[in-house]
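Notes follow the structure.
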Protein chains: 2
Amino acid sequence: MLRPRPLRIAMVAPPYYSVPPQGYGGVESVVAGLVDRLVAHGHHVTLFAAGTRGTAAQDFVRTWETPPTDQLTLALPEVVHAARVEALLREHTVDLVHDHTLAGPLTADARTAPTVVTVHGAMDDLAGLYRPLGHAVSLVAVSNAQRARAPDLNWVATVHNGIDVDSFPYRAEKDDYVLFLGRFHPQKAPHLAVEAARRAGVRIILAGKCSEEVEHDYYRDRLAPLLGPDAVEVGVAGQALKRRLLAGARCLVFPIRWEEPFGLVMVEAMACGTPVVALARGAAPEVVEQGRTGFVVDRPEQLAGAIRDCAALDAADCRRYASRRFGLDTMEAGYESAYRRVLARARTGPSTSSRSPHTTTATTV
Amino acid sequence: MLRPRPLRIAMVAPPYYSVPPQGYGGVESVVAGLVDRLVAHGHHVTLFAAGTRGTAAQDFVRTWETPPTDQLTLALPEVVHAARVEALLREHTVDLVHDHTLAGPLTADARTAPTVVTVHGAMDDLAGLYRPLGHAVSLVAVSNAQRARAPDLNWVATVHNGIDVDSFPYRAEKDDYVLFLGRFHPQKAPHLAVEAARRAGVRIILAGKCSEEVEHDYYRDRLAPLLGPDAVEVGVAGQALKRRLLAGARCLVFPIRWEEPFGLVMVEAMACGTPVVALARGAAPEVVEQGRTGFVVDRPEQLAGAIRDCAALDAADCRRYASRRFGLDTMEAGYESAYRRVLARARTGPSTSSRSPHTTTATTV
């Protein structure tokens, strides 16, 4: 079989962290992994991103010298970034634009090359953005659960986030603790993890971010009163500590109380050979293989039993499953297939024939 | 002479307050005044705005039932608003879009009708947005001072903000105080107003907003220590109190320490027959008529003398000047002339001939 023609892809990252990020930055981490695999598969990637160059992309277009990290969630940097990228895109010839930003999709309708957008956030906030944009962008969901919350949008695929599984340490023999890793936030509900671990008779370590006001309030009112010698909170874990904690844990406890669009930490745990005990919200049921790489339960009372049941699971199964389902090559294949579908539609659709030259930012082949 | 053909204008307001605003909302106030005068001059206006209908616009398209006031400056409502307006615009046939939002300009390049954008904010932040947008939008400055900070942008006109002068109370006889009206912020520097009033031997009343962290810090460290029986702070003034305070003051003290793009309160003071004493930053020198409706001085030490000199100025001169230079009809005429210039350019330029139908949101006549 003939190898399909390589693609020229403009990859647009958000401006708030470098790609890959040095610390926090889930989206930037996924973008870095995708870029590297696309290049490894022969494609040409032009990465539009802030900060330092850190991927295999053949072209790197820096949009901000210093990422405006302290302006995360504000309108001005988001809109300036989109305007800047749109202007810079005009100097590049690409088959397709893959946009990971919030404001970027507003500029999609004025270009000839089709635009694929990965929806990284919670659907409840974002449907109001993508619905009016209609067919101007083709959407990729990071989980079927996310997509199911707004099935009428212009979805082209579901592509689960992927990680570099080999970069995670694998341990078959576990230490005597379970782990909570995430924000100290009511949506992440670490207090349920502590209660479950205590009922299961196992020590719990909690690592996570506590910076927003809601997190401070939650920590003070709900979590702090529960801490003790068998429930130890260690603050934010850097990359090295995070991997060590994940690899040593009997399981990751992930008692989410919201429609988590993906939940990358579940995959990172499994990559370390660590099963996941989760509540059945958001993407958890499709990320964990029930009874094999963890347990997804309906009610908080069931978490303790699930923690105990993890003793029967095989660490090697978790690692293999993470590798097969959530490896970078799997993600790359999902995106490449989505790109080709969008390009085929663009060729046959009514939308690419008569744009005027001055609105063209890239050329469709 | 033949009366020129009336225009069909899509007026796009920000989503954070109703138009006109019930309380705070300088941009929304200017938009409301402009809409009413355009309609009075025979034009057809479709207003895209949040909240309650409150102008003479023939068509009102509500973008948010409840304005997202508490999300001011955040990216999500700004971007959702732009996407929503862009979709709603497709249902309307207009000659021209006049956009007052931050993210809206990102969608301009995909429509056939030309887009005029009023730059309401400080140039230092915004040049990075409008420069990459190039000729996709035609910019209107609210002052020559603002425009001079980025003269290379695609400016089409300077149109000073206007107010409904008749709606302001006029008083020729003044009470025995001077007034500071504005945010308690280092940029607005009310502490300089207090020091100057004290040196001039006159009581000062300070009315203003203190809600952001920087404002709280400034108030505590710089302003509060200066307050006393001759320098009284009254908090935020509502519309009625604000007008009463402006009309009764011997002068407004406006000791700005930043490049204020316009400074609507200076015009409101003059409309009440109250002269303005300002530092020569931003638009102050072009808003105040030196020696006739106030004094614009270079250094803070000169403010006290200027306050004293105001006794020689004529309240009626201030009112007349505000009416002639900053009335709604003057603003309307400025915008109508800008609209016609942009439409003439669009007809002769290379940019309106060959957009494909699906990207067309409006029709140029």
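Worth a mention:
- Relative contact order [Cα under 8 Å, 6+ residues apart], segment A:93-218, whole percent: 16
- Evaluated with a Cβ-only charge set (Lys, Arg +1; Asp, Glu -1), chain B carries a dipole of roughly 800 debye about its Cα centre, given to the nearest 20.
- Protein-protein interface of segment A:128-165, residues with accessible area decrease of at least 50 Å², isolated chain reference, 1.4 Å probe: A:Pro132
- Ascending list, in nanometres, of distances separating the B:Asp166 label from those of the other copies (7 Å, Cα toward Cβ): 7.9
- Helix A:123-133 vs. chain A, principal-axis angle (Cα, 0 to 90°, nearest 10): 10
- Placing a label point 7 Å from Cα along the Cα-to-Cβ direction at A:Gln290 gives distances to the equivalent points in the other copies of 8.0 nm, listed shortest first.
- Table column - 3J(HN,Hα) (Hz), segment B:233-240, Karplus curve with 6.51, -1.76, 1.60, x for Gly and Pro: 9, 10, x, 6, 9, x, 4, 5
- Cα Rg over Rh - segment A:60-129, Kirkwood: 0.96
- In order through segment A:64-80: 3J(HN,Hα) via Karplus (6.51 cos²θ - 1.76 cosθ + 1.60), integer Hz, x for Gly, Pro: 9, 4, 10, x, x, 4, 6, 10, 3, 6, 7, 6, 4, x, 4, 6, 4
- In a simple Cβ point-charge model (Lys, Arg +1; Asp, Glu -1; nothing else charged), the protein assembly as shown has a dipole of about 1320 debye relative to its Cα centre.
- Restraint check, A:Lys188/A:Lys242; B:Lys174/B:Lys242; A:Lys188/B:Lys209, Cα-Cα greater than 25 Å: A:Lys188/B:Lys209
- Centre-to-centre separation between the Cα atoms of segment B:5-39 and those of segment A:1-74: 41 Å.
- Taken about its Cα centre, segment A:88-203 carries a charge dipole of roughly 420 debye when the Cβ of each Lys and Arg holds +1 and the Cβ of each Asp and Glu holds -1.
- Principal axis extents of the Cα atoms in segment A:1-101, from largest to smallest and rounded to whole angstrom, are 49, 29, 18.
- Cysteines in chain B lacking a second Cys C-beta under 4.7 Å: B:Cys210, B:Cys272, B:Cys318
- Amide H to amide H distances under 5 Å link B:Ala278 with B:Phe254, B:Phe295, B:Val296, B:Val297, where only residues 5 or more positions off or on other chains count and H is placed in the peptide plane.
- Taking only the C-alpha atoms of segment A:143-255, the Rg (one decimal) and the largest Cα-Cα distance, Dmax (whole number), read 16.4, 50 Å.
- Look at the Cα gyration tensor of segment A:165-214: its axes a ≥ b ≥ c give a/c of at least 1.5 with a/b at or below b/c, and that counts as oblate.
- Relative intensity of the protein assembly as shown on a log10 scale, I(q)/I(0) at q = 0.11 Å⁻¹, equals -1.15, per a Debye sum over C-alpha point scatterers of equal strength in the absence of solvent.
- For B:Val45, nonlocal amide neighbours, meaning residues 5 or more places apart or on other chains whose placed amide H falls under 5 Å from its own, are B:Ile9, B:Gln58, B:Asp59.
- Three-way shape label, chain B, alpha-carbon gyration tensor, a/c 1.5: prolate
- Using the Karplus relation 6.51 cos²θ - 1.76 cosθ + 1.60 with θ = phi - 60°, the per-residue 3J(HN,Hα) values for segment A:286-299 come to 9, 9, 9, 8, 3, x, 10, 10, x, 9, 10, 10, 7, 10 Hz, with x marking Gly and Pro.
- Long-range HN-HN contacts of B:Trp64 with modeled amide H, under 5 Å: B:Ala50, B:Gly51
- Sparsely packed loop sites in segment B:223-257 (the trypsin sites (Lys or Arg not before Pro) outside DSSP H, G, I, E and B with at most 10 other Cβ atoms within 10 Å) do not occur.
- In chain A, Cα pairs under 8 Å separated by at least six residues give a relative contact order of 17 percent.
- For segment B:177-313, the gyration tensor built on C-alpha atoms gives a rounded shape. Its axis ratio a/c (a ≥ b ≥ c) stays under 1.5.
- Each principal axis of the Cα atoms in segment A:192-268 has its own extent, and those three values, largest first, are 30, 30, 24 angstrom.
The values are calculated or read from the model by the stated rules, or taken from the named source; none is laboratory data. These numbers come from a predicted model, not from an experiment. Glycine also receives a Cβ, built like all others from the backbone with ideal geometry; neighbour counts cover every protein chain displayed. Surface areas here come from the heavy atoms of the whole protein model, side chains and all, with no ligands, DNA or RNA. Shrake-Rupley method; radii C 1.70, N 1.55, O 1.52, S 1.80 Å.
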